[in-house]
Structures are given as structure tokens and as C-alpha cells.
């Protein structure tokens, strides 16, 4: 998050890592209940998958493998955004951190969507 005035970095590898860590820290603030645990589990999986798949994309064995990993990043960013919006809507949390995470997941979704569009039109990738 924007801890101590820090903004998310432009380096996508660092940014996706920071998002994963920030989501996990945020999830630790949500109280236990069966319903909350389902939401927390789903969000944790989606949020951490973004960075993990981006790291894998950097070591892709082929152009197709790279495209596939980036498409997973896009889908997981969309899913993370979905779970964050549910947390907001049901009132589990309404703090600034949640709003920052929603914004960041939306930005990550847009970034990976843009990468996918560029890859689709390039002949060399």
C-alpha cells in the first residue's frame, strides 16, 4: 500500500510482489468467520498468483508460454479485483487499504490487458 507515502513502483515484478504482500497483510486484519475465510482464501490465491505467473512469464520457454502466463496474470488480477470489491460491498472492511488494493488490482488488470493486446498484434512475440 502507500505505506509512509510510498507509491507503487513502476517495475512490474516488484509491483506484483508488493501487491501480494499488501493483500496478505490486509487479510490478516479481517476477523475469523467461515464466510470471511472463504473470501480470504480466494483473494489470497488470486492476488499471489498474479506475481507468481509474471515471474514465470519472465522465464518462459517460448512465445506461446509467455502469452499464456501473461493471460493468467490478467485473469487473476480480474479475480483479485472481484474479491476485493465483494469485501467492500458486504462491509467486511471499508478502510483506505481496501480502496488502495481495489485501485491497484484494477491497474494491474489494465496493465496485463494492455500487454496481451500488444502481444496479440506483434508478429515477433
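The values are calculated or read from the model by the stated rules, or taken from the named source; none is laboratory data. Remember, it's a predicted structure, so these values are computed and weren't measured experimentally. As a convention, Cβ positions derive from the backbone with ideal geometry for all residues, glycine included, and neighbour counts pool all protein chains shown.
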| message | Among the residues that make up the stretch 37-52, is at least one of them touching a residue at least 12 places away in the same chain (Cβ under 8 Å), outside any helix (DSSP H, G or I) and surrounded by 18 or more Cβ atoms within 10 Å (Cβ to Cβ)? | response | no
| Counting only residues that are surrounded by fewer than 17 Cβ atoms within 10 Å (Cβ to Cβ), touching a helix residue (DSSP H, G or I) at 6+ places or on another chain (Cβ under 8 Å) and within 20 Å of residue 27 (Cβ to Cβ), how many does the stretch 103-118 have? | 1
| note | For residue 97, the lone unmet condition from (1) surrounded by fewer than 18 Cβ atoms within 10 Å (Cβ to Cβ); (2) within 24 Å of residue 14 (Cβ to Cβ); (3) free of Cβ contacts under 8 Å to residues at least 40 places away in the same chain is (3)
| said: Between 79, 56, 104, which is assigned to a helix (DSSP H, G or I), without any contact (Cβ under 8 Å) to a residue 24 or more places away in the chain and either out of contact with any strand residue (DSSP E or B) (no Cβ under 8 Å at 6 or more places or on another chain) or closer than 22 Å to residue 35 by Cα (or both)? | reply: 56
| query | What is the number of the single condition among (1) out of contact with any helix residue (DSSP H, G or I) (no Cβ under 7 Å at 6 or more places or on another chain); (2) over 16 Å from residue 105 (Cβ atoms); (3) surrounded by 14 or more Cβ atoms within 10 Å (Cβ to Cβ) that residue 30 does not meet? | reply | (1)
| What are the residues in the stretch 59-70 that are surrounded by fewer than 18 Cβ atoms within 10 Å (Cβ to Cβ) and part of a helix (DSSP H, G or I), if any? | 63, 64, 65, 67, 68
| In the stretch 35-43, is there at least one residue being within 23 Å of residue 118 (Cα to Cα) and at pLDDT 95 or above? | no
| said: Just to be sure before I move on: is residue 34 farther than 17 Å from residue 85 by Cα, touching a residue at least 60 places away in the same chain (Cβ under 8 Å) and over 19 Å from the mean Cα position of the chain (by Cα) in the structure I sent? | reply: no
| field | Subset of the stretch 83-94 that is part of a helix (DSSP H, G or I) and free of Cβ contacts under 8 Å to residues at least 24 places away in the same chain - its residue that is surrounded by the fewest Cβ atoms within 10 Å (Cβ to Cβ) | value | 89
